[in-house]
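All remarks here apply to the structure that follows.
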Amino acid sequence: MARKGFSSLFLSSSKTLSSSLSFPSSSIPSSPVVHNLTESMMEENIENAELIIKKWDPDSSSIAHLFHQRKEAKEFLKSVKELRRAMHFLVSEHSASNKLVLAQNLMEIAMKRLQKEFYQILSAYRDQLDPESVSGLSSDGLSNSEYEDEVESEEEIKIAGESITKVVREATNAISDLKSIADCMIGAGYAKECIKIYKLIRESIVNEGLYLLGVERFGSSQIQKMNWEVLEHLIKNWLNAVKIAVKTLFSGEKALCDLVFSASQTIRESCFTEITKEGATNLFRFPELIAKSKKTPERIFLLMELHGALSSLWPEIELTFNSESTSAIKLQAFSSLQRLGESVQAILSDFESTIQEDSAKTPVLGGGIHPLTQRVMNYISALADYVGILSDIVTDITPSGNSPLPESYFESPTFDDGSTTAISVRFAWLILVLLCKLDSKAEVYKDASLSYLFLANNLQFTIEKVCTTRLKILLGEDWVIKHAKKVKQYAANYETMAWAKVFSSLPERTSPELSPEAARECFRRFNAAFEEAYKKQASWIVPDGKLRDELKVSIAKKLVSDYTEFYGRYIVMLSGEKNLELLVRFGSDDLGNYLSHLFQGVAISNISLSSSSSH
């Protein structure tokens with residue numbers, strides 16, 4: 001912003017007496033003696049004021065800075081006060097007096113000088129009165145460890161301390177001088193001129209501060225056209241800028257306004273509003289513009305960061321912009337908060353819809369983890385890191401209203417005290433939507449046992465994600481236990497359907513002794529059933545090590561034990577058979593070896609060639 005010339009800030013025409021002065025009539029003396037004495041005193045006040053005011057006439061004096069001479073400045077302000085008293089008397093008693101005209105001229109000269117001083121102090125102390133600098137002048141800010149780490153010796157500490165003290169003293173003196181001038185000008189009826197100068201200088205400082213923080217002005221159409229990488233950069237910059245702007249720039253400016261214009265609440269509020277309204281409104285409008293832009297799942301995280309930043313700063317925003325005149329600024333910040341919350345909710349709803357509408361029909365090789373499961377659980381677990389922010393946004397305790405799933409499918413997660421939170425319900429519902437979708441994905445497998453293995457794998461992956469992220473805190477131990485039982489049920493169903501034929505090929509342990517022919521037939525049935533089941537499952541996988549081991553142990557416990565019993569009982573009976581190795585293909589130790597290679601997608605392929613060493 002180009003600076004206006006100082007002369008343009010001064011009065012363009014003389015003030016009228018009626019607009020400059022307003023005094024109570026009750027103070028007018030009534031006694032003739034007192035009246036004459038008072039008149040004489042007032043005329044003397046005018047004469048005394050004339051000496052010092054004309055000395056500092058900005059149009060003729062060569063002395064540049066009145067307030068560099070503090071004693072002189074004090075006398076000057078005192079003479080203006082006495083001049084006002086004299087003018088009050090003359091207006092009331094001798095409105096046609098030549099002394100009144102002189103007094104009015106002197107008042108205008110004094111106000112021009114004070115305007116000049118006000119402008120000079122505001123300009124000269126821009127750095128010292130910068131909100132960021134002033135806010136750092138607290139006792140806490142002067143002794144932070146970061147500063148102490150920078151100085152290396154006692155001498156440097158001493159010099160640094162003296163330098164800081166000087167800055168504090170200069171800032172304090174400047175504020176005191178500005179307040180004295182403002183009080184004097186407001187009292188004399190020149191508030192408008194005082195505020196005009198203050199607003200010109202301080203608004204430029206606020207705007208410059210926002211510019212240095214990287215805050216730019218954008219329209220909705222500009223935001224809509226930007227690619228996400230550019231927007232991401234702008235958002236991250238805004239997140240840093242808004243903290244400094246609210247905690248330092250605006251709060252510091254308000255503090256300065258309150259000090260300088262402490263004589264009038266109305267003036268300090270309106271002045272602060274005029275200085276900050278444009279910059280603050282633009283700053284707080286940015287999140288709303290982002291919230292109105294294209295909504296995609298990956299954008300939700302920065303939207304939540306924007307919401308979190310505004311929410312955390314809200315108490316300070318309310319405190320700083322607490323007047324009627326700044327309500328529009330506060331309303332803009334609140335509008336952005338609302339828009340951000342609505343956008344986050346919309347993205348969550350859209351995300352739920354994408355799960356339900358996923359139409360991929362290709363089965364995952366070996367019944368492994370479906371890409372949808374990985375994508376959804378990675379996304380949900382990432383969302384869980386923002387649970388504090390989401391808890392402020394998601395307040396509806398009921399599941400999504402647009403879901404095709406009946407609510408009877410859903411059981412809200414509860415905690416030890418029986419409580420349930422809206423965000424916990426939302427996360428549990430999203431996972432339920434995924435699990436229901438996986439049920440339909442399992443139907444694409446032609447082998448029912450593989451579909452159960454697929455469900456066990458994907459539910460186990462889901463539980464593992466929950467247990468290793470903040471989701472466990474949100475969903476609770478009961479949720480984990482309930483779904484772990486479902487994994488066991490899926491695994492049991494897989495085992496029954498995949499190995500039933502193999503199990504049934506062996507006789508019951510309590511069955512009568514078999515004839516040699518029956519025993520031979522039993523070995524043949526077992527060989528065929530085991531080879532068929534094993535070859536079919538050679539490419540099946542169980543990524544989770546714990547589940548994989550549990551399945552192997554469970555199968556081996558039933559199969560190896562029964563086969564070892566059968567093998568030991570009839571191998572002697574058939575020992576005289578020709579080509580015994582073709583009849584009895586598996587020794588009692590072979591089965592465990594084969595089973596140990598299951599569920600890794602690379603099971604032993606040459607199953608028909610077994611070692612004869614066991615026979």
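The values are calculated or read from the model by the stated rules, or taken from the named source; none is laboratory data. Quick caveat: nothing in here was measured; it's all calculated off a predicted structure. Every residue, glycine among them, receives a Cβ derived from its backbone with ideal geometry; neighbour counts consider all protein chains shown. The protein model used for the area step is the full one, side chains on, heavy atoms only, and it has no ligands, DNA or RNA in it. Shrake-Rupley method; radii C 1.70, N 1.55, O 1.52, S 1.80 Å.
Say whether the condition of being of a type outside the set (S, T, N, Q) and touching a Lys or Arg at 6+ places or on another chain (Cβ under 6 Å) is met by at least one residue in the stretch 529-540. The answer is yes; a qualifying residue exists. Looking only at the stretch 197-204, decide whether some residue is of a type outside the set (F, W, Y) and out of contact with any helix residue (DSSP H, G or I) (no Cβ under 6 Å at 6 or more places or on another chain). Among the residues of the stretch 197-204, at least one is of a type outside the set (F, W, Y) and out of contact with any helix residue (DSSP H, G or I) (no Cβ under 6 Å at 6 or more places or on another chain), which makes the answer yes. The single condition among (1) within 27 Å of L595 (Cα to Cα); (2) open to solvent by 90 Å² or more (accessible area, probe 1.4 Å); (3) outside any helix (DSSP H, G or I) that P507 does not meet is (2).
Listed here are the residues, each with its yes/no results for (1) farther than 26 Å from R339 by Cα; (2) touching a residue at least 60 places away in the same chain (Cβ under 8 Å).
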{"position": "G187", "(1), (2)": "yes, yes"}
{"position": "S204", "(1), (2)": "yes, yes"}
{"position": "G209", "(1), (2)": "yes, yes"}
{"position": "V230", "(1), (2)": "no, no"}
{"position": "F272", "(1), (2)": "yes, no"}
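Identification of helices (runs of 4 or more DSSP H) wholly contained in the stretch 105-192 with 2 or more residues that are under 21 Å from E274 (Cβ atoms), modelled with pLDDT of 80 or more and aliphatic (A, V, I, L, M) yields 154-187. Against the test of being closer than 20 Å to N207 by Cα, surrounded by 16 or more Cβ atoms within 10 Å (Cβ to Cβ) and modelled with pLDDT of 95 or more, the options F351, F286 yield a single qualifying residue, F286. Pairing each residue of the stretch 560-582 that is among the basic types (K, R) with any residue that is outside any loop (DSSP other than H, G, I, E, B) and at pLDDT 75 or above, provided the two are 6+ apart or on different chains, yields C-beta distances under 9 Å for R569/A519.
Results for (1) open to solvent by 10 Å² or more (accessible area, probe 1.4 Å); (2) over 29 Å from D127 (Cα atoms), shown as yes or no for each residue.
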{"site": "F261", "(1), (2)": "no, no"}
{"site": "E269", "(1), (2)": "yes, no"}
{"site": "T281", "(1), (2)": "yes, no"}
{"site": "I290", "(1), (2)": "no, yes"}
{"site": "E298", "(1), (2)": "yes, yes"}
{"site": "F301", "(1), (2)": "yes, yes"}
{"site": "L306", "(1), (2)": "no, yes"}
{"site": "S311", "(1), (2)": "yes, yes"}
{"site": "P315", "(1), (2)": "yes, no"}
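Selection of first residues in the stretch 587-600 that are more than 11 Å from V560 (Cβ to Cβ) and of second residues that are part of a loop (DSSP other than H, G, I, E, B) and open to solvent by less than 20 Å² (accessible area, probe 1.4 Å), restricted to Cβ pairs under 6 Å at least 6 apart or on distinct chains, gives the following pairs, ordered by first then second residue: H597/A603; F599/V542. If the condition is being within 18 Å of the chain's Cα centre (by Cα) and either open to solvent by less than 20 Å² (accessible area, probe 1.4 Å) or more than 28 Å from S264 (Cβ to Cβ) (or both), then the stretch 317-333 contributes I317, A333.
Taken together, the residues in the stretch 479-504 that are within 17 Å of F599 (Cβ to Cβ) and aromatic (F, W, Y) amount to 3.
For the stretch 193-233, a tally of residues being within 25 Å of T296 (Cα to Cα) and either among the polar types (S, T, N, Q) or open to solvent by 20 Å² or more (accessible area, probe 1.4 Å) (or both) returns 17. Among all positions in the stretch 470-492, there is at least one residue which is touching a helix residue (DSSP H, G or I) at 6+ places or on another chain (Cβ under 8 Å) and assigned to a loop (DSSP other than H, G, I, E, B). Taking the stretch 498-521 as the range and being farther than 19 Å from E565 by Cβ and in contact with a Leu (Cβ under 9 Å, 6 or more places away or on another chain) as the test, only A498 passes.
Candidates in the stretch 238-259 are the residues that are free of Cβ contacts under 8 Å to residues at least 60 places away in the same chain and open to solvent by 50 Å² or more (accessible area, probe 1.4 Å); of these, the one that is nearest to S325 (Cα to Cα) is D258. Checking each residue in the stretch 547-559 for being more than 10 Å from F599 (Cβ to Cβ) and free of Cβ contacts under 8 Å to residues at least 40 places away in the same chain picks out V553, A556, K557. Just wondering, is there one or more residues in the stretch 447-456 that are in contact with a Pro (Cβ under 7 Å, 6 or more places away or on another chain) and surrounded by 22 or more Cβ atoms within 10 Å (Cβ to Cβ)? Checking the stretch 447-456: not a single residue is in contact with a Pro (Cβ under 7 Å, 6 or more places away or on another chain) and surrounded by 22 or more Cβ atoms within 10 Å (Cβ to Cβ). Among the residues of the stretch 450-463, is any outside any helix (DSSP H, G or I) and not β-branched (V, I, T)? Within the stretch 450-463 (the criterion being outside any helix (DSSP H, G or I) and not β-branched (V, I, T)), the answer is no, since none of the residues qualifies. Considering only residues that are acidic (D, E) and in contact with a helix residue (DSSP H, G or I) (Cβ under 9 Å, 6 or more places away or on another chain), look in the stretch 206-252 and name the one that is farthest from K277 (Cα to Cα). It comes out as E232. Just one of the listed residues (K535, K552, K558) is closer than 30 Å to L514 by Cα, open to solvent by less than 60 Å² (accessible area, probe 1.4 Å), of a type in the set (K, R) and assigned to a helix (DSSP H, G or I), namely K552. Looking only at the stretch 581-600, decide whether some residue is of a type in the set (K, R), assigned to a loop (DSSP other than H, G, I, E, B) and modelled with pLDDT of 75 or more. Yes, the stretch 581-600 has at least one match.
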